[in-house]
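Notes to accompany the following structure.
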Amino acid sequence: ESINLIVSSFGEEFMQEGAEENRIFDKFAERYFTNLSPIYYGYDALKDGTKGYDTFLVGSDQLWLPSGLATGFYNLQFAPDEKLKIAYATSFGVSKIPMHQKNKTAKYLDRFHYLSSREKSGTNIIKQLTGRDVPVVVDPTLLLTPEDWKEIIPFHRVVEEKYIFCYFLGDNSEHLYYLPEI
């Protein structure tokens, strides 16, 4: 029996093919996200829109990458200090915060009423910068049962043959070394 090896990476090829994925995500968001809130375009509109809300929830994979610090979006800088801010299963995507960003990162973390991370390195960063012990929690996608997912996204095979799927972030050819020879 033969098994195909499918390797995916988050690189230039992905970005070129991203238009179709964006269209599919937009369709999903249109169906499932439209009843949550109006859409706010731009930081000022988002900041103005906070007046109608008491709580802000943010979270998940690589949300607090150091490269995104200046945007103020994912660290909820637009939300007023007195409003409740919760971070669920948030990830920094790195094991250490660059020295020149530690103070700003500590400042936005201190504004959160509740924090959790999806990995131990995230809880270590939070502890180092704020002194707070926070839990490691499960990725939010794992909070749903297989039946829940089947309701949202009906199953259909993309590849008919048997395969092993490998997904890599970045362009690191060393990863290929560890793949089984097929």
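Things to note:
- Sulfur and carbon atoms: percent of accessible area, the chain [1.4 Å]: 56 percent
- Of the GluC sites (Glu not before Pro) found in the range 80-161, the ones in coil according to DSSP and having at most 15 other Cβ atoms within 10 Å of their Cβ are Glu82, Glu160, Glu161.
- The solvent-accessible area of Ser95, taken with every protein chain present and a 1.4 Å probe, is close to 80 Å².
- Extended-chain gain in nm, criterion 0.36 nm per residue less alpha-carbon gap, Asn103 and Asp61: 12.9 nm
- Amide H contacts under 5 Å for Thr90: Ser60, Ser116, Ser117, Arg118, restricted to partners 5 or more places along the chain or on a different chain, H placed in the peptide plane at 1.01 Å from N.
- Residues of the range 83-97 with amide N under 13 Å of the 7 Å Cα→Cβ point at Leu36: 88
- For the chain, a crude dipole built from +1 on the beta carbon of Lys and Arg and -1 on the beta carbon of Asp and Glu, taken about the Cα centre, is about 1080 debye to the nearest 20.
- Per-residue SASA remark: Lys27, around 140 Å² accessible (1.4 Å probe; ligands, DNA and RNA not included).
- Per-residue HN-Hα couplings for the range 44-58 [Karplus 6.51, -1.76, 1.60; θ = phi - 60°; Hz; x = Gly/Pro]: 5, 5, 5, 4, 4, x, 5, 4, x, 10, 9, 9, 10, 10, 9
- Nearby lysines by direct alpha-carbon distance to Lys47 (threshold 23 angstrom, same-chain neighbours under 8 apart not counted): Lys83, Lys85, Lys104, Lys107
- Here the peptides 97-103, 134-140, 19-25 are ranked by packing, the mean other Cβ count within 10 Å, and the order with the highest first is 134-140, 97-103, 19-25.
- Accessible area (Å², per residue) of the range 53-169, counting only protein heavy atoms and a probe of 1.4 Å: 64 Å²
The values are calculated or read from the model by the stated rules, or taken from the named source; none is laboratory data. Since we're looking at a predicted model, the values are computed, not measured. Note: ideal-geometry Cβ built from the backbone for every residue, glycine included; neighbour counts use all protein chains shown. Note: areas computed on protein heavy atoms with side chains; ligands, DNA, RNA excluded. Shrake-Rupley method; radii C 1.70, N 1.55, O 1.52, S 1.80 Å.
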